[in-house]
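Below: the structure, in structure tokens.
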Ligand code: CP3
């Protein structure tokens, strides 16, 4: 997750010359950024360089990545009328640049590593659409959800359909696995997840499953939702560092894999301490097939590059035993 992010100096050098959206929309550059981590570290997969919010721009809501502010939606969706005004166009047209990035990156990667595609899950996309930016309490999102459930479900249905189209187009263009990011769904309790999110995730994940590539279903702060997320679907469930990996996997059962779950801030520890953390996580996984070692969330921009290298080496060494 966010492998390229802002922690690599070569990414920052590219960003000094190009805006973030410009990088995403220029396939030759976006493919180059996709490959940066692969060139630097012996990691086992590459993740497409794009953003979960790119699908929102063609809906006519005014997406901007403002300096220092994170993403902004200039025309947030707060009412039934707003939902009705969202424009619709085929992703093959509006997001053709992502599909071209995939083709270029795959050609460069060859047999070196598989390419993981990704998309935002409907709830997390809705949270940006409704709030207009990142949020702490999701007041506008929950106000729409509780106050006009029909409008909420119409919005979620629309986002689920777009997500399915987008992921299927990515698979057709060559990605070999996909990750659905429901990064902020952990702000909901289990009853609300069941009522307002689960039906849409189940429909989306069932449609995606027909393509036959592995699907990672990711969220953070989801320790109260893990069984519901598993019921919604996905071959692998993403775990953040707030849960014990063995205990969470025990709850999920042997039918699914797990991904995780190093605290991204552990990468600020000295390399020996990073190694101890990695060993502990691998110990919890116990060599069972179906564990993808990863951070529990994205790499932070200030992360020392040598510490990431030390982690990759430690994981490979410790899991080869
Ligand atoms: O390694 C990669 O860079 C993979 C590509 C990738 C990006 N965003 C590029 C990016 C991926 C997989 C994402 C997913 C994403 N984007 C998520 C889900 C994962 C998660 O972290 O929960 C979310 C919620 C977003 C929305 C988003 N995009 C935010 C909140 C921000 C700004 C804050 C931040 O942490 O950077 C972005 C911008 C963004 N997306 C950057 C990158 C490399 C930084 C942009 C810059 O260069 O200024």
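Values computed for the structure shown
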quantity	calculated
Whether segment 195-321 is rounded, prolate or oblate, judged on the alpha carbon gyration tensor where a/c under 1.5 counts as rounded	prolate
Peptide ranges 275-287, 176-188 listed from the most packed, as the mean C-beta count within 10 angstrom indicates	176-188, 275-287
Rg in Å to one decimal, and Dmax rounded to a whole Å, for segment 9-238 via C-alpha atoms	17.3, 51
Gain in span if fully extended, residue 273 to residue 135, counting 0.36 nm per residue against the direct Cα distance	46.4 nm
Value of relative contact order over segment 9-238, rounded to a whole percent, pairs C-alpha under 8 Å and six or more apart	19
Distance (nanometres) between label positions extended 7 Å along Cα→Cβ at residue 103 and residue 157	3.4
Global form of segment 147-236, assessed from the alpha-carbon gyration tensor, a/c cut-off 1.5	oblate
DSSP-defined beta bridges in the chain - what % are antiparallel, rounded to 5	15
Residue-span extension gain [residue 22 to residue 89] - 0.36 nm each, minus C-alpha spacing	22.1 nm
The chain, helix-only ellipticity at 222 nm - DSSP H runs n ≥ 4, -39,500 (n - 2.57), divided by all residues, nearest 500	-14500 deg cm²/dmol
Inter-label distance, nm, simple model (7 Å from Cα along the C-beta direction), residue 6/residue 96	3.2
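Every number in this text was worked out from the coordinates using simple rules, so none of it is lab data. For clarity, every value in this text was computed on a predicted model and none was experimentally measured. All Cβ positions, glycine included, derive from the backbone under ideal geometry; neighbour counts span all protein chains shown.
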